[in-house]
Each structure stands twice: as C-alpha cells, then as structure tokens.
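Visitor: My questions all concern the structure below.
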Amino acid sequence: MILFVIWNLYQKEAMVFIDKPGIVTERILLLGRRESCVYLLKGKDEYALIGGGMAYIVPEILDQLRTYDIDEEKISRIIILHSHFDHCGIVEFFKKRWPWAGVTASARARELLEMPKVIETIARLNRSMTLHYGREKQAESLGLDINRITVEQTVGDGDILRCGDLDMRILEVPGHSSCSIAVYVPAEKALFASDAGGIPFGDRIFTAANSNFDLYQQSLQKMMQYPVEVYLAEHYGAVTGEDGRVFLKKSAAAARETRSLIEASYARTGDAQKSADEVTDLLMAEAPEDFLPREVIAMVAGQMLRFIARSAGKVEG
C-alpha cells in the first residue's frame with residue numbers, strides 16, 4: 001500500500017471546506033459544483049470569473065447567477081488558470097454569452113489552446129464528463145460543444161489586473177502544467193491557485209505534479225510567500241481562516257511525501273509504466289467516491305512517474 005499514506009496525510013488535522021456553491025467571502029462567490037468549481041470575484045462595479053471548469057456545470061452556474069442576482073453585465077473578465085480540459089470547459093459558452101468579457105490566460109496557455117489537437121482533447125473529455133453525468137440533452141440545448149477557446153489577453157508573473165477596486169496579482173506557478181498561473185488578491189488575502197497548489201479533498205491533498213515535479217514544488221514555495229487566509233481550489237472548494245493559512249504548507253508536505261513514495265516505487269520496479277499503473281490502482285482504491293475519473297488519475301500518475309524516471313536518467317524525453 002505504497003500510497004496509502006498520501007490519502008491519510010493530516011487526517012488528524014481535518015480541514016473544513018466550503019464546497020457548496022455560495023458565498024465564500026463578501027467579495028467571492030463559489031459557482032458550479034463541488035467537484036468542478038469556479039469563482040466570481042466581485043470588485044466595485046466590475047466582476048471577474050476565475051477558473052474555467054467543465055462544460056457540464058454550465059446549467060448550475062446559470063441557476064446560481066440568477067439565485068444570487070448577479071448583474072452579468074459587470075463580468076468583464078474570464079481568467080483561465082491553466083489549459084487542462086477540466087479548467088476551460090465553460091469558457092467558450094460564457095464568452096458567447098458575455099462577448100464584452102475578455103478571456104485572460106498565460107502566454108503558454110494561449111499557445112496550447114491555439115493547437116487543434118489540444119482543443120479536440122478538451123472537447124472530447126468534456127463530452128465524456130457530460131455523458132457521465134447524464135447531461136447530453138442540456139448540453140445540446142445550451143450548445144456546450146467546444147470548438148474554439150480564444151485567449152484575448154496574456155499575462156505573466158507580477159502583472160497586476162484590476163477588478164473594480166480590487167487588484168489581482170498574477171503568479172506564474174508551473175509544475176502542474178507548463179501554463180499554470182495563480183491569482184492573488186491582496187485585499188482579500190485570497191489565492192486562486194487551481195491545481196497548482198494540489199487537489200484538496202477534505203483532510204487530504206492530492207499532489208498533482210503532472211508537468212514537472214521540481215517546478216511544482218518550487219511553485220508551492222513561491223505561493224507560500226504570500227499571506228493567504230482564503231485558499232480557493234477548482235476541485236472541492238475553498239478553505240478560509242486557519243485552514244486557508246496552512247493549506248499550502250500541508251500541500252508542500254504532501255508533495256514531499258508523494259515524491260519519496262513514487263521514487264521508492266520506481267526504484268523497486270525500474271519500470272515507469274508499471275509503477276504508474278500501480279500508483280493509479282492504489283489511488284483509485286483509496287480515493288473518495290466522487291474523486292477524479294480513473295482516466296485523469298492514470299494520466300497524472302503516468303506523467304509524474306515519467307518525470308521521476310527522467311530525473312533518474314533512465315528514460316529519455
């Protein structure tokens with residue numbers, strides 16, 4: 001049970017998540033669903049949608065915008081924190097609904113989203129999740145097929161965006177993906193990190209060092225330099241107060257533990273794919289019921305194992 005420890009990290013220090021749509025702070029609203037959520041940041045007379053979610057959550061978001069009486073004309077920006085399929089699935093729909101809202105992401109994300117194969121993969125996996133949740137008819141009636149995701153403004157490390165009376169500081173945080181950014185809002189001490197800070201689930205944090213484990217750990221250390229009291233993930237919600245303050249510290253510890261366990265598995269098997277399969281099986285056996293699909297976990301495990309193998313000098317590329 002090489003990865004059982006991963007799921008049981010910090011079990012004695014359970015975090016309390018805000019994982020239902022609704023108010024996180026007076027300025028931040030959680031939208032979507034527990035397993036796939038985005039956030040509305042409310043500045044004075046101007047709002048920003050942070051995160052891109054999956055296509056099947058659009059019906060909930062539309063209902064939530066009505067429930068919370070959101071003036072959609074104030075939504076001036078949609079920020080994609082990275083270009084993975086589960087973090088940009090709603091962007092095309094809402095860009096059509098809000099043509100005045102600028103779509104913002106990193107330069108690397110724009111580069112990736114301009115590739116037809118990337119868009120094809122995003123569309124295919126979003127269709128798969130729509131089928132999984134039995135939402136084909138809603139998707140058809142709303143027109144949720146993904147054909148193009150156009151990034152209109154690129155941002156980089158240290159850039160400051162305005163959202164009414166609020167500043168949004170951009171942090172480049174590669175490691176989970178090569179295109180990952182986070183948004184820090186000083187006035188709220190709020191950090192929107194998407195998967196770059198790990199994927200939380202209750203008292204557990206899943207290390208998602210898909211792209212580069214070294215950079216992933218460095219990005220965690222970088223984000224830890226900021227005073228955070230509200231930590232907002234795009235899977236399973238947000239934490240505030242003391243839980244928000246310690247989240248990144250816990251995630252960094254989980255990453256160290258995960259890396260040592262994966263390295264031990266690879267040292268034993270000498271086969272990246274065999275270790276990846278082993279890791280996937282163990283993660284799925286221990287994962288909560290509504291955790292990420294096996295296909296996604298297998299992809300993450302495979303990417304992490306290949307990085308470890310390359311670091312050990314046994315795999316090229």
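The values are calculated or read from the model by the stated rules, or taken from the named source; none is laboratory data. Here the structure is a predicted model, which is why all the values come from computation and not from measurement. Here the Cβ positions follow ideal geometry from the backbone for every residue, glycine too, while neighbour counts run over all protein chains shown.
Visitor: Name every residue in the stretch 158-172 that is touching a residue at least 40 places away in the same chain (Cβ under 8 Å), surrounded by 13 or more Cβ atoms within 10 Å (Cβ to Cβ) and assigned to a loop (DSSP other than H, G, I, E, B), in order of residue number.
Guide: GLY164
Visitor: Sticking with this one: Give me the residue from the stretch 130-157 that is assigned to a helix (DSSP H, G or I) and of a type in the set (Ser, Thr, Tyr) and, out of that set, farthest from THR104 (Cα to Cα).
Guide: Looking at residues that are assigned to a helix (DSSP H, G or I) and of a type in the set (Ser, Thr, Tyr), I get SER141.
Visitor: Considering only the stretch 211-260, state which residues are out of contact with any Leu (no Cβ under 8 Å at 6 or more places or on another chain) and closer than 22 Å to ALA298 by Cα.
Guide: SER211, ASN212, PHE213, ASP214, LEU215, TYR216, GLN217, ALA233, TYR236, ARG256, ARG259, SER260
Visitor: Out of (1) in contact with a helix residue (DSSP H, G or I) (Cβ under 6 Å, 6 or more places away or on another chain); (2) closer than 25 Å to TYR47 by Cβ; (3) of a type in the set (Val, Ile, Thr), what's the single condition that is false for VAL155?
Guide: It is condition (1) that VAL155 fails.
Visitor: A further question follows. I need the full set of residues from the stretch 49-88 which are in a loop (DSSP other than H, G, I, E, B), crowded, with 24+ Cβ neighbours inside 10 Å and not small (Gly, Ala, Ser), in order please.
Guide: Correct list: MET54, ILE80, LEU81, HIS82, HIS84, CYS88.
Visitor: Let me ask something else about it. Show me the helices (runs of 4 or more DSSP H) entirely contained within the stretch 181-286 in which 2 or more residues are of a type in the set (Lys, Arg).
Guide: It comes to 241-269.
Visitor: If I go through the stretch 280-317 residue by residue, how many of them are crowded, with 17+ Cβ neighbours inside 10 Å, modelled with pLDDT under 85 and more than 20 Å from the chain's Cα centre (by Cα)?
Guide: Residues that pass the stated criteria total 1.
Visitor: Another question, if that's okay. List the pairs whose first member sits in the stretch 112-137 and is among the basic types (Lys, Arg), whose second member is outside any loop (DSSP other than H, G, I, E, B) and modelled with pLDDT of 95 or more, and whose Cβ atoms are under 7 Å apart, counting only residues at least 6 apart or on separate chains?
Guide: That search, which allows pairs on different chains as well, returns ARG135/TYR56.
Visitor: Would you mind telling me which numbered condition in (1) free of Cβ contacts under 8 Å to residues at least 40 places away in the same chain; (2) touching a Lys or Arg at 6+ places or on another chain (Cβ under 6 Å); (3) within 25 Å of LEU161 (Cα to Cα) GLU72 fails?
Guide: Of everything listed in (1) free of Cβ contacts under 8 Å to residues at least 40 places away in the same chain; (2) touching a Lys or Arg at 6+ places or on another chain (Cβ under 6 Å); (3) within 25 Å of LEU161 (Cα to Cα), GLU72 misses just condition (2).
Visitor: What pairs can you find where one residue is in the stretch 265-289 and under 20 Å from PRO200 (Cβ atoms), the other is assigned to a helix (DSSP H, G or I) and charged (D, E, K, R), and their Cβ atoms are less than 8 Å apart, with a gap of 6+ or different chains?
Guide: Here the result reads THR280/ARG294; MET284/ARG294, each pair linking the stretch 265-289 to a residue that is assigned to a helix (DSSP H, G or I) and charged (D, E, K, R).
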